[in-house]
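Asks: Right, I'll just put the structure down here and ask away after.
The values are calculated or read from the model by the stated rules, or taken from the named source; none is laboratory data. Keep in mind it's a predicted model, so treat the numbers as computed, not measured. When we count neighbours, we look across all protein chains shown, and the Cβ atoms used for this are built from the backbone with ideal geometry, even at glycine. When the accessible area is computed, the model is the full protein with side chains, heavy atoms only, and any ligands, DNA or RNA have been set aside. Shrake-Rupley method; radii C 1.70, N 1.55, O 1.52, S 1.80 Å.
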Amino acid sequence: MNRRDFLKGLSGAVVAGAAVAAGCDHPNGVQAEGYTPGEVPTDKMSMRTDAHGQQVSFLGFGMMRLPVEGGGSLRDNPDAKLDQEAINQMVDYAIEHGVNYFDTAPVYLKGMSEAATGIALARHPRDRWLVATKMSNFRDWSYEASIKMYHQSFEYLQVDHIDYYLLHSFGGVDKETGKSDFDKRFVDNGVLDFLLKEREAGRIRNLGWSFHGEQSEFDKVVALHDKYHWDFAQIQMNYVDWHYAHEIEPENVNAEHLYNELDKREIPIVIMEPLLGGRLGKLQDHTAAMLKEHDPNRSLASWAWRHLGMYPRILTALSGMNLMEHLQDNIRSCAPLEPLSDDDLALLDRVADEFAHFPAIPCTSCQYCMPCPYGLDIPGIFAHYNKCLNDGDIATEGTVEQREFRRARKAFLTSYDASIDRLRQADHCIDCGECLKHCPQSIKIPEKMHMIEDYTNKLKDSLV
Ligand code: SF4
Ligand code: SF4
């Protein structure tokens, strides 16, 4: 195959990916690009008020990306233990700087997050922090297994009440049976009735849910507010998802709709993915330049925080932080939140448009799809592909210079083998579909794996 044929073949496969951005929020050991140093205030955190008058810090600490011993992440080192000392330090620092909302779940970090969160928080007076955890009964939704999971959360967190308890991430509908995920996991099995009684007894202070999925399911559950009196709800929102979530992946719902429906009913809102898995803190080069030109001293992430600050129904926004500079930068952005001017907002709209049309894979590295039964490192493969795309190491029809093409080919293939074990690469996907039902971003994972496999094969073929 000559280079021209190769490039022609690529144009459809490679750039047809869903739009979004590169550069996931990598764990320790990776430079926190786009962050700006400066003073970190201890007494200026913006606060919001929940349904019961409790003051909540606008910055919430998401305990799903925590440091592991030896650095790196659980993806890099699946047998690693969490680095409790580093976690304690980060939690101490967060509390000292006004953060009081900590969000965990039984399924985070292979089940280790809740216990690590409990250990770190128990070292502080109970009135200094609020804890959120979830009913993550994804794989076994029987009443017995679900209630066991609920009680275990109290044990791991070392608490006698949970401040915010969520029905974790529903939104799907079984295509064959028409059965809703929400009904199956929480209603039909009696789990929601049990949790409502727990709220009455005061062991749950606020009962809510987190959503990823189909609009019809969201609308149905929001309307159930009249019956269940939700104390809060958790949605994905940031300046890209506000208008572009649906365009990026047609199964996703724009944050504008989610926010407005909750706002109408005065339901306090918790935000997840305010930085899209870290990608809004480390934009593609051309979009980063748009913001840096406008204000070179502001971090990229701070723009996302200021955008969220415009919405009064938001209670707190959760960021998964495993590097101290991420935590410090987020505190600076929220202590206090600075309003956006009309010019700032117009610029952010243009950045969101550019971002949404960049052909990266919208993976946030959340790991919900893992483990793949065939051993693929799904988030690692997507992170590698997105990084190469952002660094200009994906050869496309625009790569007309032979020398440039060779450089891009070498960069992609060499770093692919270096970052992903050969047995865990895209060509081992057998289309079993197991991962599809777990991806909150609705990424067509097997389709993307085959796209990357085809691309890699074409690169290799062009070597001969
Ligand atoms: S479809 Fe592919 S990536 Fe997904 S679980 Fe199956 S083998 Fe793994
Ligand atoms: S579940 Fe989706 S977003 Fe999360 S790591 Fe897997 S592919 Fe990425």
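Asks: To the nearest 20 debye, what is the magnitude of the charge dipole of the chain about its Cα centre, counting +1 on the Cβ of each Lys and Arg and -1 on the Cβ of each Asp and Glu?
Replies: In debye, rounded to 20, the chain gives about 660.
Asks: Can you compute 3J(HN,Hα) from phi for each residue in region 293-308, using the Karplus curve 6.51 cos²θ - 1.76 cosθ + 1.60 with θ = phi - 60°, rounded to whole Hz and x for Gly and Pro?
Replies: Values per residue, Gly and Pro as x: 5, 5, 8, x, 8, 9, 6, 5, 5, 4, 5, 5, 5, 5, 4, 5 Hz.
Asks: OK, next. Starting at the first residue of region 63-70, write each ³J(HN,Hα) from the Karplus equation 6.51 cos²θ - 1.76 cosθ + 1.60 with θ = phi - 60°, in whole Hz, x for Gly and Pro.
Replies: In residue order, the calculated couplings are 8, 10, 9, 10, x, 10, 4, x Hz.
Asks: Apply the Karplus curve 6.51 cos²θ - 1.76 cosθ + 1.60, θ = phi - 60°, to the phi angles in region 406-423 and return the couplings in whole Hz, x for Gly and Pro.
Replies: 5, 4, 5, 4, 5, 4, 5, 5, 5, 6, 4, 5, 6, 9, 10, 3, 3, 6
Asks: Just report the Cα centroid separation between region 40-73 and region 81-138, whole Å.
Replies: Between the Cα centre of region 40-73 and that of region 81-138, the gap is 10 Å.
Asks: Additional query: P(r) for region 55-147: what percent of alpha-carbon pairs falls in each 10 Å bin, starting at zero?
Replies: 16, 45, 30, 10, 0
Asks: What nm value, rounded to one decimal, do you get for the distance between residue 413 and residue 289 when each label is placed 7 Å out toward the C-beta?
Replies: The modelled label-to-label distance comes out at 3.0 nm.
Asks: Next question. Go ahead and estimate [θ] at 222 nm for the chain from helices alone: -39,500 (n - 2.57) per DSSP H run with n ≥ 4, summed, over the residue count, rounded to 500.
Replies: For the chain, the value works out to -12000 deg cm²/dmol.
Asks: Out of the total accessible area of the chain (probe 1.4 Å, heavy atoms of protein only), what percent is carbon and sulfur?
Replies: So the carbon and sulfur contribution to the accessible surface is 49 percent.
Asks: On each of the three principal axes of the Cα atoms of the chain, give max minus min coordinate, whole Å, ordered largest first.
Replies: Result, largest extent first: 71, 52, 43 Å.
Asks: Quick check on my link table: of 81/437; 110/410; 184/448; 387/458, which ones sit more than 23 Å apart, alpha carbon to alpha carbon?
Replies: 81/437; 110/410; 184/448
Asks: Still on this structure: Rounded to the nearest 0.05, what FRET efficiency do residue 457 and residue 96 have when you use their Cβ-Cβ distance and R0 = 60 Å?
Replies: Computed FRET efficiency for residue 457 and residue 96: 0.70.
Asks: Based on the mean of other beta carbon atoms within 10 Å per residue, what is the order of 369-376, 126-133, most packed first?
Replies: 126-133, 369-376
Asks: Still on this structure, please answer the following. Residue farthest toward the positive end of the dipole of the chain, with Cβ of Lys/Arg at +1 and Asp/Glu at -1: which of 260, 284, 97?
Replies: 284
Asks: How much of the DSSP beta bridge set in the chain is antiparallel, as a percent to the nearest 5?
Replies: Roughly 15 percent of the DSSP beta bridges within the chain come out antiparallel.
Asks: Oh, and also: Tell me the per residue accessible area of the chain using a 1.4 Å probe; a whole number in Å² is fine.
Replies: That works out to 41 Å² per residue.
Asks: Using a 1.4 Å probe and ignoring any ligands, DNA or RNA, find the accessible area of residue 257 and quote it in Å² to the nearest 10.
Replies: About 50 Å², ignoring ligands and nucleic acids.
Asks: Going by average Cβ neighbours within 10 Å, how do the peptides 224-233, 339-348 rank, with the highest at the top?
Replies: So the peptides 224-233, 339-348, ranked by packing, come out 224-233, 339-348.
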